[in-house]
Structure formats: C-alpha cells, structure tokens
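Encoded as structure tokens, the structure appears first; notes follow it.
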Amino acid sequence: MEEEKEVDKFEEMIENPTKHQLKAIHSARERACIDAMKSSTSKNPHNKGSDLAGLWNYVYEEYYQMQ
C-alpha cells in the first residue's frame, strides 16, 4: 500500500516536475541508458531518503529495465 503511494507520488513528479526534479529525471534516464550498455550500475547522487533520491531511483530502475 505504501509502495503504491510512492509510485503515485513519483508519477505525479514526472507529470509536473520542478526544476530540481526535472534535472533528477534526466540524470537518472541518462545514467540508466549508459549503465545498461556497460552492464554497470550508478550510485544515486541524492541524499538517501529524500524525495529526489526516491524519484531518481524510480526513474533509473524503470529506464534500466527498458534497456
């Protein structure tokens, strides 16, 4: 249930991102594409537990799986 709320929150951030959120989204997408090609993983650049960290992880995982 709580995980579903987080997904909804991240989807809302993707729909209407702030400047910082948009930067995190682009960063996560870029790193996921590069890492998928290299078979590596990147470290989240945001503070653990923050909304930006959660958003970055969410977008990164989604894009990594698509590659």
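The values are calculated or read from the model by the stated rules, or taken from the named source; none is laboratory data. This one's a predicted model, so the numbers in the text were calculated from it and none came from an experiment. Counting neighbours? That spans all protein chains shown, and the Cβs are built from the backbone with ideal geometry, glycine included. Surface areas here come from the heavy atoms of the whole protein model, side chains and all, with no ligands, DNA or RNA. Shrake-Rupley method; radii C 1.70, N 1.55, O 1.52, S 1.80 Å.
Listing for the model above:
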{"read-out": "Cα-based helix-to-principal-axis angle, 2-15 vs the chain, degrees rounded to 10", "value": "80 degrees"}
{"read-out": "Protein-only accessible surface order, largest first, of 34, 25 at 1.4 Å", "value": "34, 25"}
{"read-out": "Projected-area mean, the chain, by convex hull of Cα positions, square nanometres", "value": "4.4 nm²"}
{"read-out": "Contour minus Cα-Cα distance for residue 9 and residue 22 (0.36 nm per residue)", "value": "3.2 nm"}
{"read-out": "Highest to lowest packing among 37-45, 55-63, scored as the average C-beta count within 10 Å", "value": "55-63, 37-45"}
{"read-out": "Helix 19-38 axis, angle to the chain major axis (alpha carbon atoms, nearest 10°)", "value": "30 degrees"}
{"read-out": "Mean residue ellipticity (222 nm) of the chain, computed from DSSP H runs ≥ 4 via -39,500 (n - 2.57), nearest 500", "value": "-25000 deg cm²/dmol"}
{"read-out": "Point-charge dipole on Cβ atoms (K/R +1, D/E -1) for the chain, about Cα centre, debye to 20", "value": "540 debye"}
{"read-out": "Förster radius 22 Å - calculated FRET efficiency between residue 2 and residue 41 (Cβ-Cβ, nearest 0.05)", "value": "0.35"}
